[in-house]
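Written out below as structure tokens is the structure these notes cover.
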Amino acid sequence: QAKDFGRNSYRFFSSEQHRLVQSRYRMSGDLHRAIETDQFQLYYQPKVDLQRQTVGAEALIRWSHPELGFIPPGEFIPLAEDLGFIDQIGHYVLCEAVRQAKEWYDQGLSVQVAINVSAKQMQRRDMAEEVLQVVEQYSCPPHLLAVELTETSFLHCLDETRATIKKLRDAGISIAIDDFGTGFSSLSYIRNIDMDVLKIDRSFLINIENSDVDRTIVSSIIEMSQAMGLQVVAEGIETETQFAMLKALNCDQIQGYLIARPMPAENFSDWFKAQLKES
Ligand code: C2E
Ligand code: MG
Ligand code: MG
Ligand code: MG
């Protein structure tokens, strides 16, 4: 089953499956069981520099539901937040990503692994302590971990969020703003929060070949990020033309299907080793 959704195919829901997913009562039980019985897995998607050398990987959670098959995180993460499971799922993601980063590191593969942390998780007071404790537990060099936050993290408890971010950065963990440009408060928080990486949302890149407006927006975001000393990543790059345009705009890093789809850990390390041999 897991192999079916592995490589390149997403299975979309029939309306029947949709109704099942929307049955919150059922999902609550299913999520509980999924946590107990290890139905989650992390996939890894490379981030590369302009020479296409891998500089890191984003860990993306996958749920292989015993009856419904693959359920995308865009569907079950919001549900898990609502139903009170996000802390447990977040803990799994953190431990597994850190364990994997350390395993690769011990094999001589230095890959910075980024995890996604939702706004709900950031609201927990002991968030930074949890992360630092896990990093220590696995003896993982902290620079091998990055945390991706979305703009919604800055809508509530701004002081606590800033304190959490400071603790993580002081420990050497990298902080990225994900899906930049899709939130509401882009420019007001960006002045007040110390971070390392800004990821331009795919929605601005999808039409970059044809839209002068989008190209101008992307070019401005890149310039602004670099002026602020941030690394800038373009998400969701699918074509060589898009890649060439971002290269011309001097974007730092690229992530997208053009380079590779998210893949299981073993496939990622094979892919990475093959790349190291080539260069
Ligand atoms: P995100 O963090 O912005 O992750 C990027 C999403 O874009 C991923 O979808 C990835 O598979 C997809 N993507 C990458 N390159 C391309 C491309 O070239 N074209 C297209 N069409 N898509 C591309 P995915 O894995 O379905 O994840 C969706 C969202 O779910 C993520 O967006 C993130 O917000 C959330 N998510 C995923 N894993 C986790 C997790 O472990 N914890 C939390 N809290 N959220 C997660
Ligand atoms: Mg992300
Ligand atoms: Mg993103
Ligand atoms: Mg996105």
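Quick notes on this one:
- From 179, 126, 170, residue being more than 16 Å from ligand 1 (Cβ to nearest atom), farther than 19 Å from residue 95 by Cβ, open to solvent by 20 Å² or more (accessible area, probe 1.4 Å) and not β-branched (Val, Ile, Thr): 170
One line per residue, one yes/no per condition, for (1) over 20 Å from residue 236 (Cα atoms); (2) modelled with pLDDT under 95; (3) touching a Pro at 6+ places or on another chain (Cβ under 9 Å):
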{"residue": "8", "(1), (2), (3)": "no, yes, no"}
{"residue": "26", "(1), (2), (3)": "yes, yes, no"}
{"residue": "44", "(1), (2), (3)": "no, no, yes"}
{"residue": "49", "(1), (2), (3)": "no, no, no"}
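- Checking residue 190 against (1) open to solvent by less than 20 Å² (accessible area, probe 1.4 Å); (2) within 15 Å of ligand 3 (Cβ to nearest atom); (3) touching a Phe, Trp or Tyr at 6+ places or on another chain (Cβ under 9 Å), the condition it does not meet: (2)
- Residue 277 being touching a residue at least 40 places away in the same chain (Cβ under 8 Å), away from ligand 3 (no atom under 16 Å from the Cβ), charged (D, E, K, R) and closer than 19 Å to residue 51 by Cα: no
- Leading residue by the ranking (surrounded by the most Cβ atoms within 10 Å (Cβ to Cβ)) among those in segment 58-85 that are within 15 Å of ligand 2 (Cβ to nearest atom) and either acidic (Asp, Glu) or part of a helix (DSSP H, G or I) (or both): 58
- When residue 187 is tested against (1) assigned to a helix (DSSP H, G or I); (2) under 19 Å from the mean Cα position of the chain (by Cα); (3) aliphatic (A, V, I, L, M), exactly one condition is not met: (2).
For (1) away from ligand 2 (no atom under 16 Å from the Cβ); (2) among the acidic types (Asp, Glu); (3) at pLDDT below 95, each residue gets a yes or a no:
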residue: 95; (1), (2), (3): yes, no, no
residue: 99; (1), (2), (3): yes, no, no
residue: 103; (1), (2), (3): yes, yes, no
residue: 106; (1), (2), (3): yes, yes, no
residue: 109; (1), (2), (3): yes, no, no
residue: 113; (1), (2), (3): no, no, no
residue: 116; (1), (2), (3): no, no, no
residue: 119; (1), (2), (3): no, no, yes
residue: 122; (1), (2), (3): no, no, yes
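- Within segment 168-185, tally of residues that are within 14 Å of ligand 4 (Cβ to nearest atom) and not acidic (Asp, Glu): 6
The values are calculated or read from the model by the stated rules, or taken from the named source; none is laboratory data. Bear in mind the structure is a predicted one, so any value in this text is a computation, not a measurement. Virtual Cβ from ideal backbone geometry, glycine too; neighbours counted across all protein chains shown. What goes into the accessible areas is simple: the full protein's heavy atoms, side chains included, and nothing from ligands, DNA or RNA. Shrake-Rupley method; radii C 1.70, N 1.55, O 1.52, S 1.80 Å.
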